[in-house]
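These notes concern the structure reproduced below.
The values are calculated or read from the model by the stated rules, or taken from the named source; none is laboratory data. Given the structure is predicted, the values throughout are model-derived calculations rather than measurements. When we count neighbours, we look across all protein chains shown, and the Cβ atoms used for this are built from the backbone with ideal geometry, even at glycine. Accessible surface areas use protein heavy atoms only, side chains included; no ligands, DNA or RNA. Shrake-Rupley method; radii C 1.70, N 1.55, O 1.52, S 1.80 Å.
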Amino acid sequence: MTARSNPDPFSATGTDRGAVDALLSATHGDPFAVLGPHAGPGGCRVVRALLPGACRVEAIDAAGRSAGALERLAGDVFAGVVTLPGDGRGYRLAVDGGTDEGGRVVEDAYRFGTVLGELDLHLLGQGTHWRAWRVLGAHARRLDDVDGTSFAVWAPNARRVSVVGAWNGWDGRVHPMRRRIETGVWELFVPAVTAGELYKYEVLGAGGVRALKGDPFARQAEPPPATASRVVRESTYAWRDADWLASRAQRQARGAPMSIYEVHVGSWQRHPDGRSHGWAELADELVPYALGLGFTHLELMPVSEHPFGGSWGYQPTALYAPTSRWGDPDALRAFIDRAHAAGLGVLLDWVPAHFPDDAHGLVAFDGTALYEHADPSLGRHADWGTLIYDFGRPEVANYLIANALYWLHEFHIDGLRVDAVASMLHLDYSRAPGTWRPNVHGGRENLEAVAFVKRLNEKVYEEVPGAITIAEESTAWPGVSRPTWLGGLGFGYKWNMGWMNDTLAYFHEIPVHRPWHHGRLTFGLMYAFAENFVLPLSHDEVVHGKGSLLGKMPGDDWQRFANLRAYLAFMWTQPGKKLLFMGGEFGQWREWHHDRELDWGLLGDPVNGGLHRGLQALVGDLNRLYTSQPSLHARDCEASGFEWIDCQDSAQSVIAWLRFGERDGDATMVACNFTPVPRTGYRLGLPVGGRWDEVINTDACAYGGSGLGNLGGMEAEAIPAHGRPWSVALTLPPLSVVAMRPRASGAIGHAPGETTTRDGSST
């Protein structure tokens, strides 16, 4: 009599050998077709599992009773016929005997249903899921009374995607994900994975190449140079800035004063051992400092996670993850909350124009050009060595616009300064002839990027009341800060790069040469009201060999400080919102460098410390003058708020103008002398008579000047000048700006010349 052999476990469980081989080689693109509960031969129910290192596996039901043993098919793949009620999903797996015998009981990720709903998939597919961060990425959650984390990532051309982490030994075979063919999203709920776990996606790309990728929607990542993403728990931060948000639209309107202090978080101030301050320390130090100097806003250089500190954040690899260099996401929320409580807005530099080609980032994410444009003439910045987003792809545009909304909604950011807009709008940006192709109309405009920018601005202003967008746009593109319904791009404001370039070039000249460059001072008023402008003296002007603001000024030390004081007062009294990069307010001598803090010791320097402190005091007084005087801000963006008194005295390098507010009598007169020669009896026409008080004089002793001036003010004389019925004969100190206003228009609200210390307190 012949002995019967054991039944073939493949046949007994209806398992395809090729599918098992594909699972073991991590090439199977549809793991849910094999793993988890399935109907087996003859109507039986079968469970299959991939469990590296397991010796014995048994399915147990909800009551802990055995539902059937799973046999090894090959390698680490097990399968067995089980007896389970209902749909057969109510089981767990006892591995190597279960807890009573020193083993373990685990949940099977492949017994759970889908993660994303049909509406989410529909919106993602058409590129209009404006809360995409809530469904894509990693979310610690409870599903079917089981704690774990759901993962979801868009990779439509990948052959297989697995989520890997310490919980599965970073083994791409263990947790391959389900592909939702409707949109190319891969998803998986992994039981027992909790907040704090590190993870990546192992992607088998379209070309068969495997890559470990960070999560494009990660909300936190490892501190560089490590590159894994981190599961975060949903924030329960309790915001306390309702009053600020209610007033934000008024605070950021075209007629409101906006004076912005631009900051690189990691180098503003550091510990003695070189460590950067964290968000909590910055809330204690930076917020009162900026407030004490009278700024209305902080602008943070990019805070999205970036691998290379020397990129200053402008080459991010995880747009949704605040960099872990300075704390966790809730620490950033608390910093912004503190700023709002103090009356400071917080703007964020945001980078949708390009991204780096780090292997763990977005580059060739699913083995194809997915986030980047496939055409190198559209998809790569040769100058920066970075990749350009495919703005015409709905899913990519959705990724970026949702990210803008993420920062505004989740972190209460008050506005986004959008980086490198000019590079997005122009097909020939920094490209030689013959290396770019015209658009369908034969022009140089990137029509897909234009459409993206307009949609971005429409969504921001539609969804986030009071928030603003600011374009760093360096060309003459028309209507950058005009609404899209008027044919513009829809930004709220635009950096005035032309004004910055012209005026810096003028002040770099030694005074004897300035008469031949006088037009650089006045040309900006030819177009000053074509856009809603911000006048920027940003980080870009104090790096890469350009020298500091103080270092750009000509002359000996005293003249350098006088020139810089005059330049800043010139800027603060011109039409437009203001932006100053950190260090400029006290006269940093050295170029800014991201790896060291500002040279705060200059304020105590035994030789020039008084000049540095005087410059700092002037910036504080300029801010207080600007914010308290409607004539200096209410019509920043309107031609009716500005009149030249005299812009033609190039021989003496003197210019003068008037600024007007909304009500009658609200006026400020500004006169500038950009030579080291005092001008006495310099007559300037005025619109009204009476007493005109001197409200700023950059040559005041309190600022480090010589103390020459007009004894606090003058009576206007009934002597016509410059087409006006009244006039004053001023003393214009050397290398100075003097501002006056009619006393009848009211008090200015602060004492010009009071000094401001490093911590922002007045003395």
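Computed values, structure above
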read-out: Within region 405-440, tally of residues that are open to solvent by 40 Å² or more (accessible area, probe 1.4 Å) and outside any helix (DSSP H, G or I); value: 11
read-out: Residue check for P465: touching a helix residue (DSSP H, G or I) at 6+ places or on another chain (Cβ under 7 Å) and over 30 Å from P394 (Cα atoms); value: no
read-out: Residue count for region 498-526, restricted to those that are of a type in the set (A, V, I, L, M), open to solvent by 30 Å² or more (accessible area, probe 1.4 Å) and assigned to a helix (DSSP H, G or I); value: 3
read-out: Sole residue being farther than 20 Å from A321 by Cα and surrounded by 23 or more Cβ atoms within 10 Å (Cβ to Cβ), chosen from Y261, Y201; value: Y261
read-out: Scan of region 355-386 for residues that are open to solvent by 10 Å² or more (accessible area, probe 1.4 Å), part of a strand (DSSP E or B) and in contact (Cβ under 8 Å) with a residue 24 or more places away in the chain, ordered by number; value: H381
read-out: Those residues of region 5-31 which are assigned to a loop (DSSP other than H, G, I, E, B) and aliphatic (A, V, I, L, M), in sequence order; value: A26
read-out: Residue in region 611-627 that is over 33 Å from the mean Cα position of the chain (by Cα) and modelled with pLDDT of 95 or more present; value: yes
read-out: Hey, A152 within 28 Å of A359 (Cα to Cα), open to solvent by less than 30 Å² (accessible area, probe 1.4 Å) and in contact with a helix residue (DSSP H, G or I) (Cβ under 8 Å, 6 or more places away or on another chain) or not; value: no
read-out: Every residue from region 151-174 that is outside any loop (DSSP other than H, G, I, E, B) and out of contact with any Lys or Arg (no Cβ under 6 Å at 6 or more places or on another chain); value: F151, A152, V153, W154, R160, V161, S162, V163, G165, A166, W167, N168
read-out: Tally, over region 272-288, of residues that are open to solvent by 40 Å² or more (accessible area, probe 1.4 Å) and in a loop (DSSP other than H, G, I, E, B); value: 3
read-out: Positions within region 224-244 being over 14 Å from E197 (Cβ atoms) and outside any loop (DSSP other than H, G, I, E, B), in sequence order; value: A242, D243, W244
read-out: Output for region 615-636, where each listed residue is assigned to a loop (DSSP other than H, G, I, E, B) and buried (at least 24 other Cβ atoms within 10 Å of the Cβ); value: Q629, H633, D636
read-out: Number of positions in region 146-180 that are more than 18 Å from V106 (Cβ to Cβ) and polar (S, T, N, Q); value: 1
read-out: Test: A476 is out of contact with any Lys or Arg (no Cβ under 6 Å at 6 or more places or on another chain), part of a helix (DSSP H, G or I) and of a type in the set (G, A, S); value: no
read-out: Members of region 16-34 that are open to solvent by less than 40 Å² (accessible area, probe 1.4 Å) and closer than 12 Å to S162 by Cβ; value: L23, A26, H28, G29, P31
read-out: Any hit, region 291-301, residues being part of a helix (DSSP H, G or I), touching a residue at least 12 places away in the same chain (Cβ under 8 Å) and under 27 Å from D599 (Cβ atoms); value: yes
read-out: Residue match in region 562-579 (condition: open to solvent by less than 10 Å² (accessible area, probe 1.4 Å), farther than 23 Å from D699 by Cα and touching a helix residue (DSSP H, G or I) at 6+ places or on another chain (Cβ under 6 Å)); value: no
read-out: Residue list for region 390-404, filter: over 19 Å from the mean Cα position of the chain (by Cα) and assigned to a helix (DSSP H, G or I); value: P394, E395
read-out: Checklist (1) buried (at least 19 other Cβ atoms within 10 Å of the Cβ); (2) at pLDDT below 95 applied to F308, failing item; value: (1)
